[in-house]
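Each remark here refers to the structure printed beneath this line.
Each value in this text was obtained by applying a stated rule to the coordinates, not by laboratory testing. Keep in mind it's a predicted model, so treat the numbers as computed, not measured. Here Cβ is always computed from backbone atoms with ideal geometry, including for glycine, and neighbour counts include all displayed protein chains.
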Amino acid sequence: MIGPWTNARKIVTHRKYSFYNPKQHPFFDKHGGRVIFFEGTYATTFSGNDQPTPRYNYNQIMYKLDLSHPELRLPDRQPSTDNQ
């Protein structure tokens with residue numbers, strides 16, 4: 001996929017935690033890419049949290065996401081006014 005990207009939707013939040021280096025794993029995609037799997041590093045690094053989650057701090061966490069879920073719908077893209 002190539003941008004430019006105009007809209008985004010937050011799908012994961014970790015209160016007082018960092019979640020970085022996200023990566024999608026296309027190998028696990030289901031239903032033609034409607035269901036995807038992604039993972040990232042879950043850590044207290046950069047968060048200021050001094051109470052890490054036992055056995056989970058600085059680990060990879062994988063999520064399954066169904067992109068057809070109605071709450072993930074983005075507004076229709078508006079035509080570009082850029083003349084480039």
>> Quick check on my filter: what residues within region 1-54 are touching a Pro at 6+ places or on another chain (Cβ under 9 Å) and small (Gly, Ala, Ser)?
In response: GLY33, GLY40, ALA43
>> Take residues that are touching a Gly at 6+ places or on another chain (Cβ under 9 Å) and tell me which of the strands (runs of 3 or more DSSP E) falling wholly in the chain contain 3 or more.
In response: 18-24, 59-66
> Taking region 1-55 only, how many residues are acidic (Asp, Glu) and exposed (fewer than 10 other Cβ atoms within 10 Å of the Cβ)?
Replying inline: 1
> Inside region 1-27, can you point out the residues that are under 24 Å from THR53 (Cβ atoms) and hydrophobic (A, V, I, L, M, F, W, C)?
Replying inline: ILE11, VAL12, PHE19
